[in-house]
Each structure stands twice: as structure tokens, then as C-alpha cells.
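The next block holds one structure in the form of C-alpha cells; read it before the comments.
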Amino acid sequence: MRKILHPLYVLYQLCFALWAGILLTFLASFAIWFFGGVLKLKNGDYYPAVIWCRLMCIIFLIPIKIVGRSKYVKKDENYVFVANHQGMFDIFILYGYITKNFKWMMKKSLRKVPMLGLACEKTDHVFVDRTTPQKDILRKSLNILKSGKSMAIFAEGTRSDNGKLGAFKKGAFVVANMAQKSIIPISIQGAYDILPKGCWCAHWSPVILTFHAPIECKGRDSENVEYLMKETRAVIAKTLGEE
């Protein structure tokens, strides 16, 4: 049935969804920059981003099923959210439905995205690449967590090439370990089919966003970092059926 309806979905994108998405992204980027970066209103960057991302999911007709969020994400706590990374739509899914004010740890190349990159820079998201000193990443991340905000990090560092869970990098777990903040693993299922790496035409696919029980930090040594990384990956892999 999906293959039969796909030509109609492509036509819908070309006639409406793509153009509406571009306009919405520009307006949201401006709102994030102005309310969060210039006026520095409390949550001035967060609410425009949430509205933008939820509307993007609605415009592209993507149904989102949420599992475990109300059980594990507490109102008065901040966390390090660690998710797998299946495709570009993951950004809309997480920002729209985590329901916590958080900052991304994102690739420095995204700073080049017109208006959106500037908005992210002015609202203190953390840009990283291979040349970024670890001490700068830690300092910025720890300041965010100390301020009461959460962080969201794709532990694989890049989108999956085939939809399978890749190796995890240590960055998220070093940050959580240093800050002694709980990690909430998030499993994203179905997003790879929407917009996989190298594809610029969206395919329709329902998404399941599963929030798992927090993994507590119990020490600050390198062994704790390894434990956090292995435990988080195991939880996400089990949900994805890749144990």
C-alpha cells in the first residue's frame, strides 16, 4: 500500500509540504534567533522550535507514537537525552516531542545552514567537530546542565547509513559523568524510512519514540563512562531488535 500511495505523497510534497516546510523553517529560525538570541526571553528559543518541529511532522503527515515519556521524564529534573540517529527527521521528532527545554550537541557544519545555524549559535547550542577542544565542549555542556536545562545528543555522531545502530561515541557519556546527570536513552524507530542518509525526498513512515528508564551516574571515573555507554547502547539496541 505504501508503494502505491508513494507517488501521491511525492506530489503532495512538491506541491505543498516542501514549500510550507521551507517557509516554516525560515520563520521558526527567525523567531528562535529574535526571542531567544536577541531578546533572551525565558524559553524564547524553545517554544518556537517545538512548534516548528511538530508542525513539520504534521505537514509531512508523519504519525508519532510516544512511549514512556510521562513515566520517566520528570518535570523538575534535567537530563542528558541520548538517542540513536536514523535520519534527518530525527531532529524534528526529538525537538517536537521530548517536552523538555534542552540544547543540542550538533555538528559544526550545521552552523552554515542559513538563518537556522545563526539561531542555534545565538541560543547557545554546542557545535562540535574533530578540531573542537574537548575542554570547550565540556565547559559549554556543563554550563548548560548547571543552568537547569537538559542536553540531547545523538550518540553515534552521525546518521545511520543503513538504519542499523552504529557504534557509540563517548562524548555524551563524558558530559553526563562529569555533570552527574542521569541519562535517558531514547529509541527512534521508523525515522530511517522517512529520510535516510543521501535521500532528499521523504517517504511516509510512522515513528515510535521510546523513552527508557534513566541510567544514573554513580561515579566520575573512566570505568563509569564505559558503563554508561554500554548500558545506554544495550537499552536502545534491545528496543530496535538489534541485541
Original post:
Can you flag which of K65/K140; K107/K230; K3/K164; K40/K170 are past 25 Å Cα-Cα?
Top reply: K65/K140; K40/K170
Subject >> R0 of 45 Å, Cβ-Cβ distance E223-R54: FRET efficiency to nearest 0.05 >> reply: 0.65
**OP:** For L11 paired with M178, estimate the spin-label separation in nm (one decimal), with each label point 7 Å from Cα along the Cα-to-Cβ line.
**Re:** 5.4
Subject >> the chain: angle of helix 134-146 to the longest principal axis, Cα-based, in degrees nearest 10 >> reply: 90
Original post:
Once phi is turned into ³J(HN,Hα) by the Karplus curve 6.51 cos²θ - 1.76 cosθ + 1.60 with θ = phi - 60°, what whole-Hz value does each residue of segment 162-173 show in order, with x for glycine and proline?
Top reply: 9, x, 8, 6, x, 5, 8, 8, 7, x, 4, 7
Original post:
How far is helix 222-240 tilted off the main Cα axis of the chain, in degrees rounded to 10, range 0 to 90?
Top reply: 30
Original post:
With labels modelled as points extended 7 Å from the Cα through the Cβ direction, what inter-label distance (nm, one decimal) is found for W19 paired with K238?
Top reply: 4.9
Original post:
Nearest 0.05, what FRET efficiency do D129 and K65 give at R0 = 41 Å with Cβ-Cβ as r?
Top reply: 0.75
**OP:** Please name which of V207, A191, M178 has its Cα lying farthest along the dipole of segment 123-234 towards the positive end, using unit charges on Cβ (Lys, Arg +1; Asp, Glu -1) and the Cα centre as origin.
**Re:** M178
**OP:** Determine which aspartates and glutamates satisfy two conditions relative to K218: a Cα distance under 16 Å, and not lying fewer than 8 residues away in the same chain.
**Re:** E226, E231
Subject >> the chain, helix-only ellipticity at 222 nm - DSSP H runs n ≥ 4, -39,500 (n - 2.57), divided by all residues, nearest 500 >> reply: -12500 deg cm²/dmol
**OP:** Compute the length gained on full extension between K112 and T99: take 0.36 nm times their separation in residues and subtract their Cα-Cα distance, giving the result in nm to one decimal.
**Re:** 2.0 nm
**OP:** Using a/c under 1.5 as the rounded threshold, could you call the chain rounded, prolate or oblate? The axes a ≥ b ≥ c are square roots of the C-alpha gyration tensor eigenvalues, and prolate needs a/b larger than b/c, oblate otherwise.
**Re:** oblate
Subject >> Inter-site label distance for D161 and C199 at 7 Å from Cα along Cβ, in nm >> reply: 1.7
Original post:
In nm, what is the difference between 0.36 nm times the number of residues separating L138 and K75 and their Cα-Cα distance?
Top reply: 20.2 nm
Original post:
Which one of V174, V126, V38 has the biggest mean-square fluctuation once the chain is modelled by GNM with Cα springs under 10 Å?
Top reply: V38
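Read-outs: derived from the displayed coordinates by stated rules, not from any lab. Since the structure is predicted, the reported quantities are computational estimates derived from the model, not experimental observations. Because the Cβ atoms are built from the backbone with ideal geometry, glycine has one as well, and the counts that use them run over all protein chains shown.
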